[in-house]
Amino acid sequence: MTEIDNINKRLEQIEIKLDNILNLLKEMKIGTGKMENHIDFVENIYDKVKLPFHFAMKSISSFSNLPLQIEDDLTSD
């Protein structure tokens with residue numbers, strides 16, 4: 001095999017590896033998009049239940065005389 005043949009063979013191997021990497025990146029992008037959707041869903045649910053939850057926790061805290069530190073959560077939005 002000549003040196004040019006070796007270089008061409010190596011180049012083909014590199015192109016195959018590059019294609020594999022690009023395919024993996026595409027799959028990761030799809031997975032990342034799904035995770036972003038899930039995070040948005042969880043944040044939206046939390047935003048909806050945050051105030052009622054904190055109200056309930058304050059009510060329970062007043063009965064139990066336990067300190068409750070949720071005021072910072074409400075004011076940091």
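None of the figures in this text is laboratory data; all of them are computed from the coordinates on show. Quick caveat: nothing in here was measured; it's all calculated off a predicted structure. Cβ atoms come from the backbone with ideal geometry, glycine included; neighbour counts cover every protein chain shown.
Worth a mention:
- Figure legend. Inter-residue proximity from segment 35-50: first residues part of a helix (DSSP H, G or I), second residues surrounded by 10 or more Cβ atoms within 10 Å (Cβ to Cβ), beta-carbon distance below 9 Å, spacing 6+ or different chains. Indicated pairs: Tyr46/Phe53; Lys50/Asp73; Lys50/Leu74.
- Segment 40-66, subset surrounded by 10 or more Cβ atoms within 10 Å (Cβ to Cβ) and of a type in the set (Phe, Trp, Tyr), residue farthest from the chain's Cα centre (by Cα): Phe55
- Within segment 1-11, tally of residues that are surrounded by 10 or more Cβ atoms within 10 Å (Cβ to Cβ) and not hydrophobic (A, V, I, L, M, F, W, C): 4
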